[in-house]
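Structure first, commentary second.
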Amino acid sequence: MFDEVAPAYDKTNDLLSLYQSRLWRRSLRTAVSPKNGERILDIAAGTGTSSMALRATGAEVVAADFSRGMIEEGKRRYPELEFVFADAMKLPFKSPEFNAVTMSFGLRNVQDHKVALGEFHRVLLPGGRLVICEFSTVRGLLGTLYRWYLRNLLPIVARLVSKNPEAYTYLADSIEAWPSQEELANDIRDAGFSQ
């Protein structure tokens, strides 16, 4: 599915998020706080757009993804970026080597996110940082509007701008099935993270 949507992925995300995806990338970079010389693993990096934002500070970024189509599109756009084919549940790194691990809008696509969280912990150096940017449960009136958008407006926009609108039906379903912030925080703690 991701191989198929790779060429238009970033543009479609901008449109479907009403250009909020650009703000999310800036927030992600702020949360990671990358420093010159640090090594950062960006999992589910897609075409590498977020990875490049992290790299701008002089950090060394490894863009990892499970979609060969995304990796190929990313290599075409950003030849200076290191791309690695990787399954989040079985990362191809033998020991802790990263100062930060990040994943944007990909954890809910992993077959078992708890296994992936354990892998993220395994490859982080002591004191390393984990930053997950993900859709989550929204409550109240905003939550009602959010769910309406996911069920009604997002499929219409996806049909207009995407070659694979079914991928975005999956997106809405996966967002609605995702655990609450509290449940995810518990899963992160259970994987060995603190603070």
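The values are calculated or read from the model by the stated rules, or taken from the named source; none is laboratory data. Here the structure is a predicted model, which is why all the values come from computation and not from measurement. Cβ placement follows ideal geometry from the backbone for every residue including glycine, while neighbour counts extend to all protein chains displayed. Note: accessible area is taken over every heavy atom of the protein model, side chains too, but ligands, DNA and RNA are not part of it. Shrake-Rupley method; radii C 1.70, N 1.55, O 1.52, S 1.80 Å.
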So how much slack lies between LYS75 and GLN181, counting 0.36 nm per residue of separation and subtracting their Cα-Cα distance, in nm?
34.8 nm
The correct ranking of VAL115, VAL138 by accessible area at 1.4 Å, largest first, is VAL115, VAL138
Note, segment 180-186: 3J(HN,Hα) by Karplus (6.51, -1.76, 1.60, θ = phi - 60°), whole Hz, Gly/Pro = x, goes 5, 4, 5, 5, 5, 4, 5
With Cβ to Cβ distances under 13 Å as the rule, what net charge do the other residues near GLU38 carry (K, R +1; D, E -1)?
+2
Expected unfolding gain across MET89-LEU153 under the 0.36 nm per residue rule, minus the alpha-carbon gap, is 19.8 nm
In a solvent-free Debye calculation with one equal scatterer on each Cα, what is log10 I(q)/I(0) for segment 51-90 at q = 0.21, 0.32, 0.33 Å⁻¹, listed in the order of the q values?
-0.63, -1.10, -1.13
Efficiency by 1/(1 + (r/R0)^6): what FRET value for ASP173 and ARG26, r their Cβ-Cβ distance, R0 = 41 Å, to the nearest 0.05?
0.90
What is the spin-label model distance, in nm, from GLU82 to ARG39 if the labels are put 7 Å beyond Cα along the C-beta direction?
0.7 nm
Placed amide H near LEU130: partners under 5 Å, 5+ positions off or other chain:
VAL101
